[in-house]
Structures are given as C-alpha cells and as structure tokens.
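The values are calculated or read from the model by the stated rules, or taken from the named source; none is laboratory data. This is a predicted model, so every value here is computed, not measured. Using ideal geometry, Cβ is built from the backbone for each residue, glycine included, and neighbour counts are taken over all protein chains shown. For the accessible areas, the whole protein counts, side chains as well, though only heavy atoms, and no ligand, DNA or RNA atoms are used. Shrake-Rupley method; radii C 1.70, N 1.55, O 1.52, S 1.80 Å.
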Amino acid sequence: MALTTNKTVLRWFEDMVNLVKPDRVVWIDGSDEQRDALRAEACKTGEIEKLNQELLPGCYLHRTAVNDVARVEHRTFICSETQDEAGPTNNWMAPGEAYKMLYDIARDSYKGRTMYVIPYSMGPVGSPFSKVGVELTDSIYVVLNMLIMTRVGKSVMDFLGDSDDWVRCLHCKCDIDEEKRYICHFPQDNTIISVNSGYGGNVLLGKKCFALRIASYQGWKEGWQAEHMLILGIENPQGEIHYICAAFPSACGKTNLAMLIPPEGYLKKGYKVWCVGDDIAWIRKGPDGRLYAINPENGFFGVAPGTNEKSNYNALASTRKGTIFTNVAHNLDNNTVWWEGLDNNPPENAIDWKGNPWNGKTSSEKGANPNSRFTSPAVNCPCISSEFENPAGVPITAFVFGGRRAKLAPLVYQSRSWNHGVFVGAVMASETTAAAAGAVGVVRRDPMAMLPFCGYNMGDYWQHWIDIGAGLDPAKAPKVFNVNWFRKDDEGNFCWPGFGDNLRVLDWIISRCEGKVDAQETPIGYVPFAEDINIEGIEDKIDIDTLRSILDVDKSLWKTESDGIAEFFAKFGDRLPEALKQELETLKENLE
Ligand code: GTP
Ligand code: SPV
Ligand code: MN
C-alpha cells in the first residue's frame, strides 16, 4: 500500500510503474518484520548469504558482478540544461537526450520483477537540514542497504507532507551491462536515474548521487553546502569538544579518521574521539553565526581491506552485527568473512569475491576486492557521537582538506584566511584509488574531494565557498587546513605512522584554532614547527628529522605544482572566481 497521499510522489510513481512494468510493487515501511522477510527472500534466491549468526548476528554477504565493483565516473553524467552549468569537470548530456536514452533502457526492465519503493530521509527525520528522497529499485540488496544507510519509512513521507521538495530516484538493474551502465543526475528536476549496475555508489542513490551531486546543487541555490567530509568531535581532558570536518577523496582515510582511537598518551590524559559521520556533511550557518554540520547518512559504507583491530577498531566493531558485506572473501570453515589486512591468517577453505574456491594460504589472487565494503548501522560504532541524531548539527571549528601525495604536500599546513583556505581545497590533488573504476595511483586534481561529486560547475562551486565565507564573522568562521598522511620515503614506505597517530596532527590544528601555538610562515601557508607536533611515545616510528622532512616546503616542486594549478584553473575560463586567481598570484609571488 502506498505510504503517502502526496500527489507529486504518486504521479511520478505511477509514471515509473508504467515505464518499467513491475509484476509487483512493495512499499518499504522500515519495519523489522518487512526487513526480515526481505532478507529471507534474498537468501532463498542466493542474492545474499546468511553468515554465522552466533559470530555475526544479522550479517549477510553479497557479491556483485565482477564487472561492477566500483563507481563508474566515466559513465556518470550531470544532465543540466547547458553543458556550461555542468562545467569542465563533469560529463554532460542534454536532459532530453538523456531521458530518452535512459527510458529506452529502463522500459519494461522490471518485467518478472518486484518494484521496491523506498521513501527515505537524508538526515534525522524532521531536522531543518534534512531532505527526502524516494528510490525505486528492483534489487533487495539495495533495499537492505538503504535500510542501513538512511532513515526509511512512513514517518519520512509524513515529514514530507504535500511538498514537492524530494528527489526522484530510479534504479534499474537491467542486465548489469557495462556498455549500457549510466548514472545520470538532473539537478534542475531533482531526479536521478541509474541503470545497469548493482554496486553501492552507483545504486544507493541517497549517497553520492543525492547527498552530494544533487545536494551540492541544492545547497548552491539555497545557501548551504553538501561536502564529501567526515565529521568528528575531539574531546579534551576538560570535557570541551571541538568538531572537525575533513574532506579526503575516496579511499583516502575518512572512515579511519572519523573513528580513530587516540594514542596511549592521549587516552591517559583523557582525550576522546566521537564520530558524527564518515563520508558526507551537510553544512549550514546556525543562529549563533557559526557553521553547523549534520551527517545525512545513518550508516557506514566503508572500505573493508585494511580494516582491522589495530588500524580501525571502531569500524571493525561496527561490522559485528546487522552488517552487509559486499565482495569480501567468504570463510567456509566458520561461515564468516575475510579481507586483505584483516589479520595474518587468511582462510584456506574459502570463496573469493568472484565466487571461486580460494585458498588464502596458497593463492596469489586476492580474496576480497580492493573496493570491497561493509554496510553497517552507525549506532553500532562504539564511539558514535551523542550528537549524531541532533537535528541542529554540531558547530565546526576547522575544515581539513587532504589527499594521497607521496611527495610535495606537507603533513599539515594552515591557510592564511578563508579565501586562501578555499584555494587550498580547490588545488587539492590525490592519487586515484580502487573506489572508482580505472587506473589506481595516478595523481589528479580533486578539488575539495568533490571532483566526482559536484553536481554543477566547479567554478560556481568555488564561488559558493567564497560567498559562504563572506557571510561569516571571521572570528566565527572555521579555520582551514590541509593534511597529507601519505608522504613516502625513497623506498616507498609511508613516513608518517597515520591512523590513531593522526590525532597528534588534529591536536596541533585545534591548538592553532585556539591561538595556542605558533607556526612558521611559508609560501603555501602556516606550517608547524616540528617540535610542536607531539611525537611522544612514537619515537620508534618517526624521529624528529623525518618529521621535519615531511613538514618541508620544497619551492621548486611547488613551482611546478603552481604551473599545474594554473593549467587546471584555465579550464574554468571566466567561471574561475577572482579570489582564486588572486590566491594563485600570491602563491607564485611567494615562491619567487
Ligand atoms: P570512501 O569510503 O571511499 O570515501 O573512503 P575513506 O575516505 O573513508 O577511506 P578509508 O578510511 O576507508 O581508508 C581507505 C584506505 O586508506 C584503507 O585501506 C586504510 O587502511 C588507508 N588509510 C586510512 N588512513 C590512513 C593513514 O592515516 N595512513 C595510511 N598509510 N593509510 C591510511
Ligand atoms: C566513495 O567512493 O567515496 C565512497 C563509496 O564513499 S561509494 O558509495 O561507492 O561512492
Ligand atoms: Mn566517500
């Protein structure tokens, strides 16, 4: 039964039913009973497998098609009226042409299948930050994931009422044909259509498609921001909590930073870290003039490989119940899961992510796909913030940008001003990862970690950042930093220990925000004095000279970098904000 009387929802729903022609329609109400029935049905068809319920209660395993394991950026489109509105960093298709192509692919594709109608909220239901979406899908896997990642059910439709402010999301698995796979966004119509995929970021349409691509456009029009950022709170021994939002590209450490365990010395002093979000932040100015952030999601869709007891205890703990594992190895001895970097004891009697028999002790193949993932309820996280459900969000002390750069970018530096901070975000670059299909390890520009996620012209997006700053009292505006956990030595080893030890850098960042620590002025901004980064207790992992070396600003490398920035900026023509042009000039002068 339809969960709403909203005419705009019902009209669109009927149009889509007539297009895709399902045998059956099921509205998802968010109840445990319905979820359990869907789990049972998906187990029967083999779409998911029930794992050991004693060790992993409520946990299931799913394998996607081998050609469908990551986001497909080359098949992702922003279908705005004009190409200029999508800008030089997005693929663009004219809306009319895109609708025709997509409807041709989607037509009759639900024949013999069930349509699931998922009314969901991004953000706590009823929060002034929150927005509603309705996803139609022919995949129970998508339904079960959406039940973890978003707030689903009738309360969402009640919150929406008669409003037309909701995002239309159509997902059709079709035949998982790579050649006909398209992820298309129509920002001007609040519409997303995804066909021929079954992989997370391509089909959980509340996540990257809505909460970033469509929402970034909405934020531009409505005066707020949707960012690819984790949100964490750092509680000091006095009980004060500072919230930091950090933007790193896909598979560059957001989930890890968001729920890090403080190093021994910090724990002893009474420091605590609270996770508000691990991937997306929606940001608005609050009544007191500060910026506030909510996490629009309700779960974590985290990278499995590398997650272990030591690297990310809290993420691993989050996966111990109610979790869906995708494309990891299946340990047949005890019906659990395994992935590279979980422990040093790979199972011998297992099935790999492709569905083939696999012996982890002897095989040279990987057991889990490098972009294998877990979908876990946020409430499972041992350090979930008490503010997680706060409809007003949390006040932001600092923005942190960062990426994977083996060379060049220092461990941390601070911008000189808001506009310089926007420049620092705009010129971010990072090595590509397995989160998207294509080559791994290639350095590319990824402004604010939003390259694949900005739903409009990146030049306008930068101007929006500048305008947001202009509307803030500088005393209340978050300070802006850049970090790089991934500097490598000449042998290719990471110089910085990373993970929990990253708190040492966040500690410096907060001290800077409080005006408690000095810094050295360099051509790129303020860099710490090595003595001011606390490396007590990790002298065996990094000495002060190595630390100094990764705080270094190499002028000749930065000159080459500034040429690359100029080349990148040139793509935006007159959409490039004047303020960023000036910042580039300043950088060049500083390097002379
Ligand atoms: P998405 O979910 O794709 O947006 O990724 P993410 O940004 O949340 O990345 P995540 O925290 O899942 O980390 C991705 C990979 O980076 C994992 O293999 C981690 O082990 C590794 N990683 C995370 N933090 C660090 C760090 O501080 N140092 C090093 N060397 N590796 C790290
Ligand atoms: C990312 O790639 O940044 C992710 C995973 O967080 S996905 O949902 O696939 O986009
Ligand atoms: Mn992400």
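For the reader, a short list of remarks on this structure follows.
- Only residues that are small (G, A, S) and part of a loop (DSSP other than H, G, I, E, B) were counted across the range 101-110, and they come to 1.
- Those strands (runs of 3 or more DSSP E) lying entirely in the range 465-567 with at least 3 residues surrounded by 13 or more Cβ atoms within 10 Å (Cβ to Cβ) and not aromatic (F, W, Y): 479-483
- D460 being more than 10 Å from ligand 1 (Cβ to nearest atom), assigned to a helix (DSSP H, G or I), of a type outside the set (V, I, T) and more than 16 Å from I244 (Cβ to Cβ): yes
- The range 100-115, residues that are of a type outside the set (G, A, S) and open to solvent by 10 Å² or more (accessible area, probe 1.4 Å): K100, M101, Y103, D104, I105, R107, D108, K111, R113, T114
- Reported count of residues in the range 270-303, each being out of contact with any helix residue (DSSP H, G or I) (no Cβ under 9 Å at 6 or more places or on another chain), open to solvent by less than 10 Å² (accessible area, probe 1.4 Å) and either within 13 Å of ligand 1 (Cβ to nearest atom) or not small (G, A, S) (or both), is 2.
- Looking across the range 146-171, the residues that are open to solvent by less than 10 Å² (accessible area, probe 1.4 Å) and farther than 23 Å from Y217 by Cβ come down to G153, M157.
- Residues of the range 6-42 that are small (G, A, S) and at negative phi: S31, A37, A40, A42.
- Residue list for the range 20-66, restricted to those being farther than 20 Å from T375 by Cα and touching a helix residue (DSSP H, G or I) at 6+ places or on another chain (Cβ under 6 Å): V20
- Filter pass, A86 being among the small types (G, A, S), away from ligand 3 (no atom under 16 Å from the Cβ) and closer than 25 Å to Q188 by Cβ: yes
- Any chance T362 is at pLDDT 95 or above, open to solvent by 30 Å² or more (accessible area, probe 1.4 Å) and not assigned by TED's automatic domain parsing to the domain that holds D552: yes
- The set of residues in the range 277-305 that are away from ligand 2 (no atom under 16 Å from the Cβ) and under 16 Å from the mean Cα position of the chain (by Cα) comprises I283, A293, I294.
- Just so you know, in the range 206-248 the residues that are more than 14 Å from ligand 2 (Cβ to nearest atom) and under 13 Å from the mean Cα position of the chain (by Cα) include one that is farthest from K476 (Cα to Cα), and it is I231.
- Condition broken by T323, with the remaining ones in (1) in contact with a Gly (Cβ under 8 Å, 6 or more places away or on another chain); (2) more than 16 Å from ligand 2 (Cβ to nearest atom); (3) β-branched (V, I, T) satisfied: (2)
- Filter result (of a type outside the set (A, V, I, L, M, F, W, C), in a loop (DSSP other than H, G, I, E, B), in contact with a helix residue (DSSP H, G or I) (Cβ under 7 Å, 6 or more places away or on another chain) and open to solvent by less than 20 Å² (accessible area, probe 1.4 Å)) within the range 365-421: S415
- Any hit, the range 308-320, residues being in contact with a Leu (Cβ under 7 Å, 6 or more places away or on another chain) and of a type in the set (K, R): yes
- Of all residues in the range 540-565, those being more than 13 Å from L591 (Cβ to Cβ) and not small (G, A, S) number 12.
- Set V134, V117, V142, V195: member being out of contact with any Leu (no Cβ under 8 Å at 6 or more places or on another chain) and either hydrophobic (A, V, I, L, M, F, W, C) or farther than 19 Å from T8 by Cβ (or both): V134
- Scan of the range 190-206 for residues that are more than 18 Å from L19 (Cα to Cα) and either within 16 Å of ligand 3 (Cβ to nearest atom) or open to solvent by 10 Å² or more (accessible area, probe 1.4 Å) (or both), ordered by number: N190, G198, Y199, G200, G201, N202, V203, L204, L205, G206
- Only a single criterion out of (1) small (G, A, S); (2) under 27 Å from D165 (Cα atoms); (3) open to solvent by 20 Å² or more (accessible area, probe 1.4 Å); (4) within 16 Å of ligand 3 (Cβ to nearest atom) is not satisfied by G306, namely (2).
- Residue tally, condition open to solvent by 10 Å² or more (accessible area, probe 1.4 Å), at pLDDT 95 or above and either part of a loop (DSSP other than H, G, I, E, B) or within 16 Å of ligand 3 (Cβ to nearest atom) (or both), over the range 310-332: 4
- Among the residues making up the range 219-248, those that are open to solvent by 10 Å² or more (accessible area, probe 1.4 Å) and either within 14 Å of ligand 3 (Cβ to nearest atom) or of a type outside the set (V, I, T) (or both) are W220, K221, E222, G223, E235, N236, P237, Q238, G239, E240, H242, Y243.
- Boolean, A251 is within 13 Å of ligand 1 (Cβ to nearest atom) and open to solvent by 20 Å² or more (accessible area, probe 1.4 Å): yes
- Taken residue by residue, the range 446-461 has no member that is farther than 22 Å from F210 by Cβ, open to solvent by 20 Å² or more (accessible area, probe 1.4 Å) and touching a residue at least 40 places away in the same chain (Cβ under 8 Å).
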